[in-house]
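J.: The structure under discussion is supplied below as structure tokens; questions concerning it will follow.
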Ligand code: PAF
């Protein structure tokens, strides 16, 4: 029986080598797509690869657990890592280069210059994770400088992150097209996340209350309810009943992240909640 052979992704560890590879390929007229990740790949990440492949000739995936976006009491040390499996999955999905730098490569000295996200980075996830988005924007800008992609693809599960990256690109005139891909869900609806690996069976069950809350809010909106207060209270009931501890549940404008009193098709419902020791997020555009 004939077996299809898959070409292994090339692994690049150093920023200099990554830079040189990209420069050569760009000079050869090839369009480069970047999928930034922190590894421990799942189908959500791999769907971003497909998206990048559709928009570029070559796909680079970065795998870097970025210390600068974790708070002192967060899960940096225990964040799941498995480079060997990631390389296999990336190769099978046709990634051309996996860029997996070390911390010393990305932060050769103590970082003193940061990309500050401004007030929108202090709300929602930024309120319970101070400094998180400044760490994200700073590393994403570094990745853009090292890889110099034509297009970069991010997942919509991290709605606020994608929003702020778009803002950064616009306001700092970064010559990268930002593409935001839909959320990929497990068969029961749970949004895919590397942090789902932390969930024991009880927490896995509780995690579904985020899915239920978001779906109920979208359904209630579709059935004619537009009061944000009513929509939020319906969602909260489901989160409380499911045993999740709400960090925030808000209905905001999709284009400015400002809370709205009356929901519209352009509103998005954003939720973050703790199930056991794991903080999860989810969201939905109400008009979808
Ligand atoms: O979404 C992530 O995995 C990370 O925040 C990112 C964008 C790779 C930056 O470290």
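J.: Which distance in Å, rounded to a whole number, links the C-alpha centroids of the stretch 91-155 and the stretch 203-264?
T.: Each part's Cα centre sits 29 Å from the other's.
J.: Within 10 Å of each residue's Cβ, count the other Cβ atoms and sort 96, 23 from fewest upward. List each step's numbers first, then the result.
T.: Numbers: 96 22, 23 11.
By the 10 Å Cβ count, ascending, the order reads 23, 96.
J.: Can you tell me how much longer the chain between residue 30 and residue 177 gets when fully stretched, taken as 0.36 nm per residue apart minus their C-alpha distance, in nm with one decimal?
T.: On the way: separation 147, 0.36 × 147 = 52.92 nm, distance 1.51 nm.
Difference between extended and current length: 51.4 nm.
J.: I need the calculated FRET efficiency for the pair residue 219 and residue 50, taking r as the beta carbon distance and R₀ as 35 Å, to the nearest 0.05.
T.: 0.75
J.: Going by C-beta contacts inside 10 Å, put 43, 77 in order with the fewest on the left.
T.: Fewest-to-most Cβ neighbours within 10 Å comes out as 77, 43.
J.: Take the alpha carbon atoms of the stretch 81-205, find their radius of gyration, then divide it by 2.2 N^0.38 Å using N residues; give the quotient.
T.: With N residues counted in the stretch 81-205, Rg over 2.2 N^0.38 Å equals 1.18.
J.: Sorted by packing (mean other beta-carbon atoms within 10 Å per residue), highest first, where do 60-73, 79-92 land?
T.: 60-73, 79-92
J.: Once you have the Kirkwood Rh of the stretch 1-113 from its Cα pairs, apply Stokes-Einstein at 25 °C and 0.890 mPa s and quote D in µm²/s.
T.: Values: Rh = 15.2 Å.
D, rounded to a whole number, is 161 µm²/s.
J.: Can you compute the FRET efficiency between residue 233 and residue 77 using 1/(1 + (r/R0)^6), with r the Cβ-Cβ distance and R0 = 41 Å? Round to the nearest 0.05.
T.: After rounding, the FRET efficiency stands at 0.65.
J.: Using alpha-carbon pairs under 8 Å, 6+ residues apart, how would you state the relative contact order of the chain in percent? Display every interim value, and only then the final one.
T.: Numbers: 521 pairs, mean separation 48.2, N = 288.
With pairs under 8 Å counted, the relative contact order is 17 percent.
J.: Once you put a point 7 Å from the Cα of residue 166 and another 7 Å from the Cα of residue 57, both along the Cβ direction, what distance in nm separates them?
T.: With each label point 7 Å from Cα toward Cβ, the separation is 2.9 nm.
J.: Now for a different question. Using 7 Å Cα-to-Cβ label points, what is the residue 265/residue 120 separation (nm, one decimal)?
T.: Simple spin-label model gives 2.2 nm for this pair.
J.: Counting only helical runs of four or more DSSP H residues, what would the 222 nm mean residue ellipticity of the chain come to if each run contributes -39,500 (n - 2.57) and the total is spread over all its residues?
T.: Computed ellipticity for the chain at 222 nm equals -12000 deg cm²/dmol.
J.: If the chain between residue 128 and residue 245 were fully stretched, how many nm would it gain, using 0.36 nm times the residue separation less the Cα-Cα distance? Please report the intermediate quantities before stating the final value.
T.: Values: separation 117, 0.36 × 117 = 42.12 nm, distance 1.32 nm.
Here the segment from residue 128 to residue 245 would lengthen by 40.8 nm.
J.: So what are the chain's ellipsoid semi-axes, whole angstrom, largest first, if each one is the square root of 5 times an eigenvalue of the alpha-carbon gyration tensor?
T.: 33, 21, 19
J.: Still on this structure, I have one more. So what is the relative contact order of the stretch 151-269, in percent, for Cα pairs below 8 Å that sit 6 or more residues apart?
T.: That works out to 18 percent.
J.: Using Cβ contacts closer than 10 Å as the measure, can you line up 176, 6, 97 from fewest to most?
T.: Numbers: 176 20, 6 11, 97 23.
The order, fewest Cβ neighbours first, is 6, 176, 97.
J.: In the calculated pair distance distribution of the stretch 66-127, what percentage of Cα-Cα distances lie above 19 Å? Numbers along the way, then the final one.
T.: Details: 1047 of 1891 pairs.
Summing the P(r) of the stretch 66-127 above 19 Å gives 55 percent of all pairs.
J.: Moving to a separate point now. If you project the alpha carbons of the stretch 11-70 onto the principal axes, what extent comes out on each, in Å, largest first?
T.: Per principal axis, max minus min of the Cα coordinates gives 36, 27, 18 Å.
J.: Hull surface divided by four, with the convex hull built on the Cα atoms of the stretch 204-288: how many nm²?
T.: Average of the hull's projected areas for the stretch 204-288 equals 4.8 nm².
J.: Follow-up question, since we're still on this one. If I take R0 = 22 Å and measure r between the Cβ atoms of residue 274 and residue 92 in this structure, what FRET efficiency does the formula 1/(1 + (r/R0)^6) give, to the nearest 0.05?
T.: Using R0 = 22 Å, I get an efficiency of 0.05.
J.: Two decimals is fine: what's Rg over Rh for the stretch 153-277, C-alpha atoms, Kirkwood radius as Rh? Provide the component values of the computation, followed by the final result.
T.: Working: Rg = 15.5 Å, Rh = 15.6 Å.
Taking Rh as the inverse mean 1/r over Cα pairs, Rg/Rh reads 0.99.
Readers should treat all values here as calculations from the given coordinates under stated rules, not as data from a laboratory. Because the structure is predicted, anything quoted here is derived from the model rather than measured. Counting neighbours? That spans all protein chains shown, and the Cβs are built from the backbone with ideal geometry, glycine included.
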